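The values are calculated or read from the model by the stated rules, or taken from the named source; none is laboratory data. Just so you know, these numbers come straight off a predicted model, no measurement behind them. Glycine gets a Cβ as well: all are built from the backbone with ideal geometry, and neighbour counts include every protein chain shown.
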Amino acid sequence: MINKLTLQSVINKYYLGENESVKWNIKNNKLTIPFNSSNKEVIGKVVCNNFKLEDSTLAVFDTKKLQNLINITLGDILLELEKVNKTCTKLLISDPHFNLTYSLADILLIGKVGTVNEPEWDVVLPLEDEFLLNLVKAKSALADIDNMIITTELDDNQTRMCKFTFGDEQGHNNKITYQMYGDINGEDINLPFNSNMFRTILNVNKDLESGSLSISSRGLMKLEFSSGDILSEYYMVRKENTSF
């Protein structure tokens, strides 16, 4: 059995509104789902401990359809597998009222997820729910602009800070800045990222108990979140085709 809200949270954390086709890897009651966005801008994985399903690899080709099925259930749900010649062909979902069937795809139809060579991190910031809320509000105020520039600067007390600037990168109108402090070693970092994807990642992890945001001057961001039995991790590359 697994709580519906927990399963929905797992799915939302990798789906991000676009990642339809993934492999669910279950071993020793631990679910691991690696994924990457269609444009390879984001690579990550979601892990759920205490996921009580037999060891298997499930090919989920259409995550949106699976979401729609789970949405009509209530409370705790039971997950079971239907197999043909030891191959998992269906995911059976049931609660006290509904019996649902989700058809699994051929494993070969699911593309391979890339890997990341993790660099030395120049910035490591702790993430709390207040920071997530503020960053999401800042982005939402300029919803039609997808630019976010992350810089490292000195504040008035000559303390290093990390500044998030949402808005026009050319420097003329409609800008919002937000400052955060943490372990900041890199100087003069100036990197553009896709603020739409950034906001989406933050939104699906608003239930965090702990988290961190790391930046490398080489153009890579890492976001990590922990919430109960769920761990989520995202690597996001800097935007291309900019003046930076």
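Condition check ((1) assigned by TED's automatic domain parsing to the domain that holds GLU18; (2) outside any loop (DSSP other than H, G, I, E, B); (3) over 19 Å from the mean Cα position of the chain (by Cα)) across all residues:
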| residue | (1), (2), (3) |
| --- | --- |
| LEU133 | no, yes, no |
| THR151 | no, yes, yes |
| MET161 | no, yes, yes |
| GLU187 | no, no, yes |
| ASP207 | no, no, no |
| SER212 | no, yes, no |
| ARG218 | no, no, yes |
Open item on the list: So LEU81 ticks every box in (1) crowded, with 18+ Cβ neighbours inside 10 Å; (2) farther than 30 Å from LYS239 by Cβ but one. Which box is left unticked?
Closed with: (1)
TODO: Tell me which residues, restricted to region 225-236, are surrounded by fewer than 19 Cβ atoms within 10 Å (Cβ to Cβ) and either assigned to a loop (DSSP other than H, G, I, E, B) or of a type outside the set (Gly, Ala, Ser) (or both).
DONE: GLY228, ASP229, LEU231, GLU233
TODO: Just name the residue that is nearest to the chain's Cα centre (by Cα) out of those in region 76-89 that are assigned to a strand (DSSP E or B) and of a type in the set (D, E, K, R).
DONE: ASP76
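Could we say that GLU54 is surrounded by fewer than 16 Cβ atoms within 10 Å (Cβ to Cβ), in contact (Cβ under 8 Å) with a residue 12 or more places away in the chain, more than 24 Å from VAL237 (Cβ to Cβ) and of a type outside the set (Ser, Thr, Tyr) here? Outline the logic, then answer.
Numbers: surrounded by fewer than 16 Cβ atoms within 10 Å (Cβ to Cβ): yes; in contact (Cβ under 8 Å) with a residue 12 or more places away in the chain: yes; more than 24 Å from VAL237 (Cβ to Cβ): yes; of a type outside the set (Ser, Thr, Tyr): yes.
Taking the combined requirement at face value, the residue satisfies it.
Got a sec? Which of LEU69, LEU92, LEU100 is surrounded by 14 or more Cβ atoms within 10 Å (Cβ to Cβ), of a type outside the set (S, T, N, Q), touching a strand residue (DSSP E or B) at 6+ places or on another chain (Cβ under 8 Å) and in a strand (DSSP E or B)? Walk me through it before giving the result.
Working: LEU69 fails: in a strand (DSSP E or B); LEU92 fails: surrounded by 14 or more Cβ atoms within 10 Å (Cβ to Cβ).
Every option except LEU100 fails the conditions.
Given the structure, is LYS222 outside the structural domain of LEU31 (by TED's automatic domain parsing), surrounded by 18 or more Cβ atoms within 10 Å (Cβ to Cβ) and under 12 Å from the mean Cα position of the chain (by Cα)? So that I can check it myself, show each step before the final result.
Working: outside the structural domain of LEU31 (by TED's automatic domain parsing): yes; surrounded by 18 or more Cβ atoms within 10 Å (Cβ to Cβ): yes; under 12 Å from the mean Cα position of the chain (by Cα): yes.
It is true that LYS222 is outside the structural domain of LEU31 (by TED's automatic domain parsing), surrounded by 18 or more Cβ atoms within 10 Å (Cβ to Cβ) and under 12 Å from the mean Cα position of the chain (by Cα).
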TODO: Identify all residues within region 110-156 that are charged (D, E, K, R) and within 17 Å of VAL204 (Cβ to Cβ); write none if there are none.
DONE: GLU128, ASP129, LYS137, LYS139
Open item on the list: Please count how many residues of region 146-169 are of a type in the set (D, E, K, R) and over 16 Å from ASP183 (Cβ atoms).
Closed with: 4
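For region 1-65, list the strands (runs of 3 or more DSSP E) that sit wholly inside it and hold at least 3 residues that are hydrophobic (A, V, I, L, M, F, W, C) and closer than 22 Å to LEU100 by Cα; which are they? Let's see the steps before the verdict.
Details: elements: 22-27, 30-36, 42-49, 56-60.
The qualifying strands (runs of 3 or more DSSP E) are 22-27, 56-60.
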